[in-house]
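The values are calculated or read from the model by the stated rules, or taken from the named source; none is laboratory data. Keep in mind that what you see is a predicted model, and the values were worked out from it rather than measured. Cβ: placed from backbone, ideal geometry, glycine included. Neighbour counts: every protein chain shown.
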Amino acid sequence: MIITVKKSATEKELERLEKDLRGKGLQIHKSIGDEFNVWGLVGDTAHIDESKILAQRFVANVTRVSAPYKLANRMFHPLDTVVDVSGVKIGANEPVVVMGGPCSVEGDDQICRIGQEVKECGAQIIRGGAYKPRTSPYAFQGLGSEGIQDMVHAREKTGLPIVSELMSIDKLDEFVENVDLIQIGARNMQNFDLLKAVGKTNKPVLLKRGMSATIEDWIMSAEYIMASGNPNVIFCERGIRTFEKYTRNTLDLAVVPIIKEKTHLPIVIDPSHATGDWKYIEAVSMAAVAAGADGLIIEVHDHPSEAWSDGAQSLKPEKFKEVVDKCKLIAHAIGREM
Ligand code: PEP
Ligand code: MN
């Protein structure tokens, strides 16, 4: 339930209403606007009599929210949320952010070198997987803690924040200590214990869409993180499974306006996992920026044919620069910095 409170409300009136609502076991999330303040009620509002609330002179409106997500809901929080990743701001009218780097960290030299290259090409955040969710148990599983330390070294050398995927709760402390942005991968989007665990930290979370998740499933996963106390969630669309075989996944670009309509959280696009082929990254990245995405996360490798994972979809640094430059033109065309 959303209560729109007039600015003319007195402290006493607000106190009384707040006490009454809290007494009914509800949580109140307040959003301060220019003309009105919005109170979002979380909890069981079935027994609340909205006509009684509306009868108070300082209440402008009462709306029941039918969507199952509350904290992520734009009705609860009309203004866009900006997530701050160690100084890099993502969302609202902030410049479009680029994250680039290899699928897997392959060693200190590799991640420091590629990290420097993506920085020179215009990336603001370095990506690199140290714990890898591979389909085959016989495939390279990632360098683990060593890979995280290599990423930390790349951050020291470049000054750029780092994003890496967390697969299990037992590595949470390692990530909180070392990583700027915690990625929850597509395969773990509905690992609810993991979502609750990252929700208890205040680290920004990059929440990828599960490969067969509906938009509502995905938003509910963000709700899990937020309901545990962490409001710093960034959505990441990386393509979903369909009958189509010419791309690795099917990129659902309509999610950009839908996520912006239904929620107040930022959304970035991963064209690499969405297409699975470096040849398509440029067109898809430009389309994502044109649609209003707040950022891109792109796999980059200086020797894609030798990459330990996802070489076929990795851009060489020169090509990555071209893609970033073209996306800048698109961003400027729609009145956005990049
Ligand atoms: C990745 O980012 O390398 C990755 C495995 O992503 P996803 O979870 O989207 O498949
Ligand atoms: Mn990958």
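Could we say that S86 is at pLDDT 95 or above and among the hydroxyl-bearing types (S, T, Y) here?
Values: at pLDDT 95 or above: yes; among the hydroxyl-bearing types (S, T, Y): yes.
Spelling it out, S86 is indeed at pLDDT 95 or above and among the hydroxyl-bearing types (S, T, Y).
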Within segment 285-324, restricting to residues that are within 17 Å of the chain's Cα centre (by Cα) and surrounded by fewer than 24 Cβ atoms within 10 Å (Cβ to Cβ), the one that is farthest from ligand 2 (Cβ to nearest atom) is G292
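Checking the structure you have, find out if any residue of segment 229-249 is polar (S, T, N, Q), more than 12 Å from ligand 1 (Cβ to nearest atom) and not in a loop (DSSP other than H, G, I, E, B). Before the answer, list the steps.
Taking segment 229-249 first, the residues polar (S, T, N, Q) are 230, 232, 242, 247, 249.
Retained after the next criterion (residues that are more than 12 Å from ligand 1 (Cβ to nearest atom)): 230, 232, 242, 247.
Filter once more, so that each one left must be not in a loop (DSSP other than H, G, I, E, B): none.
Within segment 229-249, none of the residues are polar (S, T, N, Q), more than 12 Å from ligand 1 (Cβ to nearest atom) and not in a loop (DSSP other than H, G, I, E, B).
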Within segment 1-47, residues being assigned to a loop (DSSP other than H, G, I, E, B), out of contact with any helix residue (DSSP H, G or I) (no Cβ under 8 Å at 6 or more places or on another chain) and either within 27 Å of H264 (Cα to Cα) or basic (K, R) (or both) number 13
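Yes or no: E244 modelled with pLDDT of 95 or more, away from ligand 2 (no atom under 16 Å from the Cβ) and among the acidic types (D, E)? Before you say what the answer is, go through the steps one by one.
Working: modelled with pLDDT of 95 or more: yes; away from ligand 2 (no atom under 16 Å from the Cβ): yes; among the acidic types (D, E): yes.
So E244 fits the description; yes.
Out of segment 58-108, which residues are basic (K, R) and without any contact (Cβ under 8 Å) to a residue 40 or more places away in the chain?
Initial filter on segment 58-108 (basic (K, R)): 64, 70, 74, 89.
Result: K89, single match.
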- Yes or no: K262 under 21 Å from T250 (Cβ atoms) and either within 15 Å of ligand 2 (Cβ to nearest atom) or surrounded by fewer than 22 Cβ atoms within 10 Å (Cβ to Cβ) (or both)? yes
Of the residues in segment 86-95 that are surrounded by fewer than 24 Cβ atoms within 10 Å (Cβ to Cβ) and not small (G, A, S), the one that is nearest to ligand 2 (Cβ to nearest atom) is V88
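Any residue that is farther than 30 Å from G335 by Cβ, of a type in the set (V, I, T) and surrounded by 24 or more Cβ atoms within 10 Å (Cβ to Cβ) - is there at least one of those in segment 110-131?
Just the residues of segment 110-131 that are farther than 30 Å from G335 by Cβ, to begin with: 110-116, 128-131.
Retained after the next criterion (residues that are of a type in the set (V, I, T)): 111, 114.
From the residues that got through so far, the ones that are surrounded by 24 or more Cβ atoms within 10 Å (Cβ to Cβ) too are 111, 114.
Scanning segment 110-131 turns up at least one residue that is farther than 30 Å from G335 by Cβ, of a type in the set (V, I, T) and surrounded by 24 or more Cβ atoms within 10 Å (Cβ to Cβ).
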Exception for L41 within (1) surrounded by fewer than 21 Cβ atoms within 10 Å (Cβ to Cβ); (2) more than 22 Å from the chain's Cα centre (by Cα) falls at (1)
Note on segment 240-264: residues over 26 Å from P102 (Cα atoms) and among the aliphatic types (A, V, I, L, M) are A254, I258, I259
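Is it the case that G107 is surrounded by fewer than 18 Cβ atoms within 10 Å (Cβ to Cβ), within 29 Å of M226 (Cα to Cα) and either in contact with a Cys (Cβ under 7 Å, 6 or more places away or on another chain) or not charged (D, E, K, R) (or both)?
Working: surrounded by fewer than 18 Cβ atoms within 10 Å (Cβ to Cβ): yes; within 29 Å of M226 (Cα to Cα): no; either in contact with a Cys (Cβ under 7 Å, 6 or more places away or on another chain) or not charged (D, E, K, R) (or both): yes.
No: the conditions fail for G107.
Which residue is nearest to ligand 1 (Cβ to nearest atom), if the candidates are limited to segment 118-147 and must be among the polar types (S, T, N, Q) and in a loop (DSSP other than H, G, I, E, B)? Spell out how you get there, then give the answer.
Our first condition is that a residue be among the polar types (S, T, N, Q); within segment 118-147, this holds for 124, 135-136, 141, 145.
Restricting the remaining residues to those that are in a loop (DSSP other than H, G, I, E, B) gives 124, 135-136, 141.
Details: Q124: 17, T135: 10, S136: 13, Q141: 12 Å.
Here the answer is T135.
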Given (1) at pLDDT 95 or above; (2) in a strand (DSSP E or B), E94 misses just (2)
Expected output for segment 259-270 (first residue farther than 14 Å from A290 by Cα, partner small (G, A, S) and within 16 Å of ligand 1 (Cβ to nearest atom), Cβ below 8 Å, 6+ apart or cross-chain) is T263/A222; L265/A222; P266/G295; D270/G239
